[in-house]
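Worksheet: one structure, shown below.
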Amino acid sequence: MPVKTIIEPFRIKSVEPIRWTTRAQREQLLKAAHYNLFLLQADDVLIDLLTDSGTGAMSTHQWAAVMEGDESYAGSRSFDRFRSSVHDIVGYTHVIPTHQGRAAERILFGVACKKGDVVPNNTHFDTTRANVEFVGAEAVDLLIPEGRQPSLSYPFKGNMDVAGLEALIARVGREHVPLVMLTVTNNSGGGQPVSMENVRAVSAVCKRHNIPLYFDACRFAENAWFIKLREPGYENKTPKEIAQEMFRYGDGCTMSAKKDGMANIGGFLCTNNDILAQQEKDLLILTEGYPTYGGLAGRDLEAIAVGIQEALQEDYLRYRIASTAYLGNHISAGGVPIVQPPGGHAIYIDARAFLPHIPSDQFPGVALAAELYLEGGIRSVEIGTLMFAAAAQMDLVRLAMPRRVYTQSHVDYLVEVILEVYRKRESIKGMRLSYEAPFLRHFTAHLEPV
Ligand code: F0G
């Protein structure tokens with residue numbers, strides 16, 4: 001009989017205590033933080049699901065590699081290891097290290113885009129959109145309609161609308177589309193995957209118009225696992241073979257190694273274009289560092305070289321995706337409305353449906369996130385009206401799972417706390433703003449219960 005219990009495919013060698021607080025303490029702490037969880041001290045959080053970025057646990061192999069770090073300014077051995085490990089997966093000629101994902105984005109768009117250009121993506125992540133707009137180009141999201149319905153279950157809700165892409169290129173003209181991007185998995189759309197069929201179709205459109213295709217590859221390994229689970233023809237391929245195939249349909253990528261690089265810092269930019277790579281390296285020297293370290297220490301390059309391969313291990317991916325799904329499925333079975341199906345790195349609670357008595361202008365996502373902290377010391381993040389103001393199409397609360405950090409019993413605890421908050425949902429009150437900064441207000445806003 002196959003055993004159904006999910007177990008972590010690792011044992012723990014080094015532990016980090018987490019700190020319990022009482023409900024009375026949390027009431028004080030939350031008030032002092034103006035009901036904005038960004039303003040809490042991390043030590044006052046029991047389970048921190050603010051982000052899966054840079055919050056993962058490194059393996060013994062990674063820590064051993066850290067000690068092998070070659071800190072030479074130029075021509076470091078660690079860069080060779082990093083380059084060959086990344087190249088083994090992505091296959092692109094040029095691998096340019098950066099300190100994190102947004103640095104790779106800034107350099108790519110700084111070199112490849114100009115004012116008046118249009119960059120299509122399934123859904124731009126905020127920093128990606130901001131970096132496109134910073135050079136005066138327009139960031140256009142072309143997600144399939146299924147991807148925009150939270151409760152609809154569909155296997156590849158991250159797919160790009162291929163007909164929409166064709167129409168956009170026809171409307172603005174090929175000369176105004178310097179590149180097309182696919183974000184795998186689609187973070188802003190619920191951590192949903194993109195199918196290989198969709199990658200192939202987008203790639204064919206790009207080739208026909210001679211437009212390069214780039215991947216925002218942050219969660220490429222999780223995307224590969226979803227393809228293995230859900231796409232006919234891939235069940236017997238390894239995650240690595242799937243990832244390699246996906247990258248072959250493109251011309252380059254940006255990457256935050258803080259996600260599927262399994263590192264606490266780092267990123268890279270890849271391309272097959274020699275001329276572009278030269279310009280990118282020139283810009284890199286100006287702001288990030290010499291092309292064999294790009295703003296990272298040699299030891300960081302080593303950690304990524306090992307981590308990016310570990311992210312593709314089947315035991316790890318099976319546990320990772322099952323554990324996120326377990327959280328989503330158990331709270332959903334208890335009635336909690338979530339973006340369906342569960343994503344790879346996070347569960348997104350639909351706060352408007354959870355708290356129908358709180359109108360959007362009273363920030364239902366913020367109210368729910370505050371209540372999850374009060375009830376169980378859980379830190380999540382609102383993705384809704386506080387973050388996007390009038391542009392918010394949904395009010396979501398994201399529970400992002402750090403990699404290899406929390407165990408099955410932590411997840412059981414999360415389920416219990418969330419269901420308890422759901423039981424009390426009618427007593428939860430809306431919020432009003434008492435301070436907001438002129439931009440990116442969600443990081444520093446002050447709120448109070450209505
Ligand atoms: N692209 C995607 C899809 C991302 O999710 C992120 C980061 C980035 C680019 C930028 O990478 O942080 O290394 O500069 N996402 C984090 C999150 C911050 O919490 O979702 P970075």
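To the nearest 10 degrees, how steeply does helix 274-287 sit against the main Cα axis of the chain, on a 0 to 90 scale?
The angle comes out near 50 degrees.
Express in whole angstrom the spacing between the alpha-carbon centres of segment 56-110 and segment 347-362.
Each part reduced to its Cα centre gives a spacing of 41 Å.
Round to the nearest 10 and give me the degree value, 0 to 90, for the angle of helix 162-172's Cα axis relative to the longest principal axis of the chain.
Approximately 70 degrees, to the nearest 10.
How much accessible area per residue does segment 60-310 have, in Å², with a 1.4 Å probe?
38 Å²
Tell me the relative contact order for the chain as a rounded percent, counting alpha carbon contacts under 8 Å between residues six or more apart.
Answer for the chain is 23 percent.
Report, in deg cm²/dmol and to the nearest 500, the calculated mean residue ellipticity at 222 nm for the chain, where each DSSP H run with n ≥ 4 adds -39500 (n - 2.57) and the sum is divided by the residue count. Present the calculation step by step, with values, prior to reporting the outcome.
Numbers: 16 runs with 183 residues, N = 450.
After summing the helix terms and dividing by residue count, I get -12500 deg cm²/dmol.
Testing the spin-label approximation: label points 7 Å from Cα along Cα→Cβ at Glu235 and Arg174. State their distance in nm.
In this crude spin-label approximation the distance works out to 4.1 nm.
Which of the aspartates and glutamates could a cross-linker bridge to Lys114, judged by Cα under 20 Å and excluding same-chain residues fewer than eight apart?
Partners found: Glu105, Asp126, Glu133, Glu138, Asp141, Glu175, Asp216, Asp251, Asp274, Glu280, Asp282.
Please work out how much length the chain gains when fully extended from Arg318 to Asp80, using 0.36 nm per residue of separation minus the C-alpha to C-alpha distance, in nm with one decimal.
Values: separation 238, 0.36 × 238 = 85.68 nm, distance 3.01 nm.
Result for the pair: 82.7 nm of gain on full extension.
Using 0.36 nm times the number of residues separating His410 and Ala204, minus their current alpha carbon distance, what extension gain do you get?
Value of the extension gain: 69.8 nm.
Where the centroid of each part is defined by its Cα atoms, how far is segment 1-47 from segment 138-202 in Å?
35 Å
Sort segment 180-249 into rounded, prolate or oblate with this rule: let a ≥ b ≥ c be the square roots of the eigenvalues of the Cα gyration tensor; rounded if a/c is under 1.5, and if a/c is not under 1.5, prolate when a/b is larger than b/c, oblate otherwise.
Oblate, since a/c reaches 1.5 and b/c is not below a/b.
Heavy atoms only, probe 1.4 Å: what % of the accessible area of the chain goes to carbon and sulfur, would you let me know?
Carbon and sulfur atoms account for 54 percent of the accessible area of the chain.
Within segment 50-107, report the GluC sites (Glu not before Pro) that DSSP leaves as loop and that have at most 12 other Cβ atoms within 10 Å.
Here the sparse-neighbourhood loop sites are Glu71.
In degrees, nearest 10, range 0 to 90: what is the angle between the Cα axis of helix 77-90 and the longest Cα principal axis of the chain?
80 degrees
Classify segment 60-310 as rounded, prolate or oblate, taking a ≥ b ≥ c as the square roots of the eigenvalues of its Cα gyration tensor: rounded when a/c is under 1.5, otherwise prolate if a/b is larger than b/c and oblate if not.
Verdict is oblate for segment 60-310.
Taking a spot 7 Å from the Cα of Ala353 along the direction of its beta carbon, which residues of segment 382-414 have an amide N less than 13 Å from it?
394-397, by backbone N distance to the label point.
Taking the simple approach of a point 7 Å from Cα along Cα-to-Cβ for both Ile275 and Thr127, what is their distance in nm?
Distance between the two pseudo-spin positions: 2.9 nm.
Excluding His446 itself, what net charge comes from residues whose Cβ is under 12 Å from its Cβ, given Lys and Arg +1 and Asp and Glu -1?
Residues near His446 contribute +1 overall.
With every protein chain left in place, what is the accessible area of Phe388 in Å² (1.4 Å probe, nearest 10)?
90 Å²
Lysine pairs in segment 195-283 with alpha-carbon atoms under 27 Å apart, 8 or more places apart or on different chains: how many are there?
So the count of such lysine pairs works out to 14.
Taking all pairs of distinct Cα atoms, average 1/r, flip it, and tell me the Kirkwood hydrodynamic radius of segment 377-441 in Å to one decimal place.
On the way: mean 1/r = 0.0695 Å⁻¹.
Its Kirkwood hydrodynamic radius stands at 14.4 Å.
Using r as the Cβ-Cβ distance of Ala32 and Glu420, and R0 as 22 Å, what FRET efficiency do you calculate, to the nearest 0.05?
My answer for the efficiency is 0.40.
Using Cα pairs closer than 8 Å and at least 6 residues apart in sequence, work out the relative contact order for segment 60-310, in percent.
Values: 522 pairs, mean separation 80.6, N = 251.
It rounds to 32 percent for segment 60-310.
At 1.4 Å probe size, with no ligands or nucleic acids counted, give the accessible surface of Thr22 in Å², nearest ten.
70 Å²
Which sequence of Lys115, Lys31 reflects their accessible areas, 1.4 Å probe, from the largest down?
These residues rank, largest area first, as Lys115, Lys31.
Out of every Cα pair in the chain, what percent are spaced more than 29 Å from each other?
Tail of P(r) above 29 Å: 47 percent of Cα pairs.
Regarding segment 127-206, what is the average projected area of its C-alpha convex hull, in nm²? Don't skip to the answer; put the middle values down first.
On the way: hull surface 21.6 nm².
Computing the convex hull of the Cα atoms and averaging its projections yields 5.4 nm².
Using the basic label-point model (7 angstrom from Cα toward the beta carbon), what is the Gln41 to Thr60 distance in nanometres?
Simple spin-label model gives 3.5 nm for this pair.
Find the relative contact order for segment 172-266 and round it to a whole percent, using C-alpha pairs within less than 8 Å whose residues are 6+ positions apart.
Normalised by residue count, the contact order of segment 172-266 is 30 percent.
Want the number for Thr287 to Thr93: 0.36 nm per residue separation, take away the alpha-carbon distance, what's left?
Net length gain for the segment: 67.6 nm.
Take Asp43, Asp48, Asp117 and sort them by solvent-accessible surface of the protein heavy atoms, 1.4 Å probe, largest at the top.
Result of the area sort, largest leading: Asp43, Asp48, Asp117.
The values are calculated or read from the model by the stated rules, or taken from the named source; none is laboratory data. Everything quoted here is computed from the prediction, not taken from an experiment. Neighbour counts run over all protein chains shown; Cβ positions are idealised from the backbone, glycine included. Surface areas here come from the heavy atoms of the whole protein model, side chains and all, with no ligands, DNA or RNA. Shrake-Rupley method; radii C 1.70, N 1.55, O 1.52, S 1.80 Å.
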